[in-house]
Every structure is written in structure tokens, then in C-alpha cells.
Amino acid sequence: MSTTSRITAAAVVAAVGIAALAGCGSSGGGSADSKTVTLVSHDSFRVSKSVLAAFEKESGYKVTMLKGGDAGKAVNQAVLSKGNPQGDVFFGIDNTLLSRGLDEGLFSPYQAKGLDKVPAGLQLDKGEHRVTPLDYGDICVNYDRGYFDRHKIAPPKTFDDLIKPRYKGLLVTENSATSSPGLAFQLGTIAKYGEKGWPDYWKKLKANGVEVVDGWDQAYNDRFSGSAAGKGKGDKPLVVSYASSPPAEVLGKKPAPKEAPTGVAAGTCFRQIEFGGLLKGAKNEKGGKALLDFLLSKEFQEDVPLQMFVNPARKDAEVPELFTKYGTTIDKPATLAPEKITKNREQWIKQWSSLVLK
């Protein structure tokens, strides 16, 4: 789950290759300078300047950030450069893609400080500690309240609702092959309808006019009519995003509204857990370990909600009122066993691509 936020991110890195974030440090090839540590991530990673500055002052390391598009693209690039990584730590591989990163041997084991504060249910690699859980969220369909109020239509609540004629042509989702939210949404439909039933569901969803784009930023900020960052220019009132996206639409608004302008279809959610890991072959392994400790520190974890609009992994991290007031708590998100995702993910993606993109 991902930022300032996934909602307010201003730019998209469309290429699979990693683009350097303008700012500090070197522009790639790892951290040859022992006082520089390089974080590789998806586009949605965000941290407050003051929180990062405090880590840099205390640790003596200068942090360089390299961003590589949506999570799927960033992981693909990490696989292509394995053994000679472009950084020291990777942030943003999630449970839908985790098995690929582990099978490819991308990470070196390291047990980060503070891991004892993370619930066991988030520690999917607990035995080996190749990755560290850093945040979690729920991928769900979000809706533009204004659109549905104006058209006097009740917004959808479930997967079944999305294939009804009244919602024809209203939904935009992300490509399962290139986007972790898109893949999570597909996995949610597999959890709901089973291995035999999900292809038929997607045939119906395609017939009902679902639009597919490459990544989250394009879907939310360009195509979704409820995005403040997109200034309402999109024409799709339904989008695959996060249960925690609505607080981002309220952030900074005065006076504060009674409710967020966007809502969540709670019956369409799939749990996503994001991890960080020390990249195997990192040029600054010591700095990478320090950076992982920082990412799991209480200071960073409490910065996560209003920067990336996801839940901190640490159970003792406080969450701001805006996040709890306007976010939606999903009590029973859809899930799939990691080993089941591992066994079937590539085939499911190929099958989905054949059904939906052709």
C-alpha cells in the first residue's frame, strides 16, 4: 500500500527505467560514497523534509532517492539490475509482488530495529527477514460523491455492483501487469469469485466499459473526476485506489468538511502490505541497514499516514485525527495466501491481459 501522497504526487515517471529525484546525492549506480545511502522506490514514496533531515543529521548519511514509476515497474527494474543494484534499499514491494522479489534473490537478510512492534500478520518473511513490513492499506474502488449525488444514483458497494448497467463506463482501473493497485484489484476479484469464476467476472466488467490505464497516478489524478489534484478534469467517477485516499482529498481544506468528497466501496477491498529490503549487492550495506531502521522508526512511521496515506506497520505509531476521521476502516478485506499468489500470479496476469487488453 504508498507518499506527499499518492493523491498529490505531481509527476509520473512513465518509463520503466528509474529516474532520479532532483535533490540530493548521486544519480544512480548505488552509493559509492560511504556517507551517501540510496533509496529506490516507486513514485509514491514521500517523507517530510524535517523527518528526513533529522535522520540525516543523527546518522551522518545523506539520502538519495531514485523513483521508478509504479511499484510493478520499479520491481521490474530492480530485477533487471539485480546483482548490481541502483541503490542500497528498496521501498515499496508489496505482498502481490513479494514472491517475485524473493525468488529473484533481490534482498539480503536484515532484521530491522523495531520489528517487535510490527504485528505478526504483516511479517510475511518472518523466518528470514529479507524484507521488512513498513505500511499497509486496502485497495478499493473509490467514488466521487458529487457525481452520484448529481445523478441521483447510489454508489456501488460491492464487486457485483460494478457490473450492473447503471455503472457502465464509469470505472477506471490500473493494468495488473504494471501496477500493484491494479494487480491487487484483480486479486480481490479472484478471492471473491474463485479461480474458475474470476475470468467470467472480468468479461462482464469489460463489457460494462471498464477503462484500463498503466498506473495509479494516471488513473486517480488524470481520469478520476473526484481527484482534487486533477481539478475534476477526469470523467470517471469510479477508480481503483485506497481506502485511505479520502483523507487526502480533505487535507488542507478550510473549513474542514463533514465528510470527504470521495467515498469507498467497502465490498471491493483487498489488503496490501508494503515492504522494504536491503538490496543484495548494495554498495553501502551499513548505510542501508541504518536507512531500514529509520523506515521502521516511530518517527517515520508516524509520518507515513499524511505523507503516503496508508497505515503505519508499527502498532505503537499514532495516526492523526484527519486520517481516522475521513478514512474508511475495512474490517474484512479480501485476502489470498502469499503462497497462492506466488504459484499463480504470472499466469493470472497473462490470463487477465488476454481477457481485458485484447
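The values are calculated or read from the model by the stated rules, or taken from the named source; none is laboratory data. All figures in this text were calculated on a predicted structure; none of them were measured in a lab. Neighbour counts are summed over all protein chains in view; Cβ atoms, including those assigned to glycine, are modelled from backbone coordinates with ideal geometry. Heads up: the accessible areas ignore ligands, DNA and RNA and are worked out on the full protein's heavy atoms, side chains in. Shrake-Rupley method; radii C 1.70, N 1.55, O 1.52, S 1.80 Å.
Out of VAL131, VAL79, VAL118, VAL89, one residue alone is at pLDDT below 95 and open to solvent by less than 30 Å² (accessible area, probe 1.4 Å). It is VAL79.
Residues of region 138-163 that are more than 18 Å from PHE185 (Cα to Cα), part of a loop (DSSP other than H, G, I, E, B) and basic (Lys, Arg): LYS152 alone. In summary, LYS286 fulfils each of the numbered conditions (1) closer than 21 Å to THR132 by Cβ; (2) within 22 Å of the chain's Cα centre (by Cα); (3) open to solvent by 10 Å² or more (accessible area, probe 1.4 Å) with the single exception of condition (2).
Is it fair to say THR328 is β-branched (Val, Ile, Thr) and either in contact with a His (Cβ under 7 Å, 6 or more places away or on another chain) or open to solvent by 20 Å² or more (accessible area, probe 1.4 Å) (or both)? Working first, answer last.
On the way: β-branched (Val, Ile, Thr): yes; either in contact with a His (Cβ under 7 Å, 6 or more places away or on another chain) or open to solvent by 20 Å² or more (accessible area, probe 1.4 Å) (or both): yes.
The answer is yes for THR328.
Picking from TYR147, TYR143, which residue would you name as being surrounded by 22 or more Cβ atoms within 10 Å (Cβ to Cβ) and among the aromatic types (Phe, Trp, Tyr)?
Numbers: TYR147 fails: surrounded by 22 or more Cβ atoms within 10 Å (Cβ to Cβ).
Within the list TYR147, TYR143, the selection yields TYR143.
Kindly indicate the residue of region 46-59 that is open to solvent by 40 Å² or more (accessible area, probe 1.4 Å) and of a type outside the set (Asp, Glu) and also modelled with the lowest pLDDT among those meeting that condition. Steps first, answer last, please.
Our first condition is that a residue be open to solvent by 40 Å² or more (accessible area, probe 1.4 Å); within region 46-59, this holds for 46, 49-50, 53-54, 57-58.
In the following step, the residues that additionally are of a type outside the set (Asp, Glu) were identified as 46, 49-50, 53-54, 57.
Details: ARG46: 94, LYS49: 97, SER50: 98, ALA53: 98, ALA54: 98, LYS57: 97.
Result: ARG46.
Residues in region 92-115 that are open to solvent by less than 20 Å² (accessible area, probe 1.4 Å) and in a helix (DSSP H, G or I) were compared, and the one that is modelled with the highest pLDDT is LEU115. Among the conditions (1) surrounded by fewer than 19 Cβ atoms within 10 Å (Cβ to Cβ); (2) within 18 Å of the chain's Cα centre (by Cα); (3) assigned to a loop (DSSP other than H, G, I, E, B), the only one that ALA266 does not satisfy is (3).
Exactly one residue out of ASP217, ASP200 is modelled with pLDDT under 95, among the acidic types (Asp, Glu) and assigned to a helix (DSSP H, G or I): that is ASP217.
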